[in-house]
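See below for the structure under consideration.
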Amino acid sequence: MKNLVILIGRIAAAPETRQSGETSITSFTLVTDRPKIVDGRTVKNDKGYTETLAEFHRITCFNGLGGSVAKHKAKGDMVEVQGRLHYSDWTDREGVKRYSVEIVADEVLFL
């Protein structure tokens, strides 16, 4: 079995770092594009270019990797993220069950 994610995209906003005990946690949003498909066909604009839809992915990095990303990367920078999917669930203050998914990065390559 394998849980592996590889994404290449642009950082949507400046990475944010927080501390949890002795662990440093850096998070950022990665934007990727995919072709827009309607009725099973790729949509082209009036100039013949393929239209795309943006997808946003939550990325989490720990300790040294996160520190490197926070120090050297900014909004708009292109990176490749390799990691794994992580699912979470919790109950909020109003008693509503909430769910989230994020990519826990093992590697972030600066492109």
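Structure values in brief
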quantity: Close pairs (6 angstrom Cβ cut-off, 6 or more residues apart or separate chains): closer than 10 Å to Val104 by Cβ in the stretch 75-87, of a type outside the set (A, V, I, L, M, F, W, C) and in a strand (DSSP E or B) anywhere; calculated: Gly83/Asp106; His86/Glu102
quantity: Looking only at the stretch 86-104, and only at residues there that are surrounded by fewer than 12 Cβ atoms within 10 Å (Cβ to Cβ) and either among the basic types (Lys, Arg) or within 14 Å of the chain's Cα centre (by Cα) (or both), the one that is nearest to Lys2 (Cα to Cα); calculated: Tyr87
quantity: Test: residue in the stretch 44-58 that is surrounded by 11 or more Cβ atoms within 10 Å (Cβ to Cβ), in contact (Cβ under 8 Å) with a residue 24 or more places away in the chain and aliphatic (A, V, I, L, M); calculated: no
quantity: Residue within the stretch 26-35 that is surrounded by 11 or more Cβ atoms within 10 Å (Cβ to Cβ), farther than 14 Å from Ile103 by Cβ and not basic (Lys, Arg) present; calculated: yes
quantity: Residues of the stretch 74-102 satisfying the condition of being aliphatic (A, V, I, L, M) and touching a Lys or Arg at 6+ places or on another chain (Cβ under 7 Å); calculated: Met78, Val79
quantity: Count of residues meeting criterion [farther than 18 Å from Gly67 by Cα and among the β-branched types (Val, Ile, Thr)] in the stretch 1-57; calculated: 11
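No lab work stands behind these numbers, since they all come straight from the coordinates. No experiment lies behind these values; they were computed from the predicted model shown. Cβ sites come from the backbone with ideal geometry, for glycine too, and all protein chains shown count toward neighbours.
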